[in-house]
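Novice: One structure coming up, written as structure tokens, with questions to follow.
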Amino acid sequence: MIEGLFNTDTPALARRIQAHEQFGARDLNAWVFEHADLREGLHLLDLGCGTGKQAIPAAQRVGATGRVTAVDLSTEALAAVRAS
């Protein structure tokens, strides 16, 4: 990887997701939500949120009085989060 350059296109993200699903030994969502004490009213920052696999359920858990700020370099990924 060249420092400062990032592969942020949708096909690259799809390949990363596919590799994780094929070779990942743990359910990342289950692990995150098992270890995070998410409750109503919390404010969270999700850096590298991708398409919102954790940000969207986290937003549901923190409810209307909480907030999840989702950040990603990929505008296409962020568009998917906004559409959810």
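The values are calculated or read from the model by the stated rules, or taken from the named source; none is laboratory data. All values reported here derive from a predicted model rather than from experimental measurement. When we count neighbours, we look across all protein chains shown, and the Cβ atoms used for this are built from the backbone with ideal geometry, even at glycine. Note: accessible area is taken over every heavy atom of the protein model, side chains too, but ligands, DNA and RNA are not part of it. Shrake-Rupley method; radii C 1.70, N 1.55, O 1.52, S 1.80 Å.
Novice: Say we look at the range 47-66 and pick out the residues that are of a type in the set (A, V, I, L, M) and not in a loop (DSSP other than H, G, I, E, B); which of these is nearest to Ala36 (Cα to Cα)?
Specialist: Ala58
Novice: From the list Ala64, Ala14, Ala36, Ala19, which one is open to solvent by 60 Å² or more (accessible area, probe 1.4 Å) and over 13 Å from the mean Cα position of the chain (by Cα)?
Specialist: Of the residues listed, the single one that is open to solvent by 60 Å² or more (accessible area, probe 1.4 Å) and over 13 Å from the mean Cα position of the chain (by Cα) is Ala64.
Novice: Taking Leu44 as meeting all but one of (1) assigned to a helix (DSSP H, G or I); (2) in contact with a Gly (Cβ under 8 Å, 6 or more places away or on another chain); (3) of a type in the set (A, V, I, L, M, F, W, C), write down the number of the exception.
Specialist: So Leu44 meets the others, but not (1).
Novice: Where the second residue is open to solvent by 100 Å² or more (accessible area, probe 1.4 Å) and the first is charged (D, E, K, R) and lies in the range 27-39, which pairs have Cβ atoms under 9 Å and are six or more apart or on separate chains?
Specialist: Arg39/Arg61
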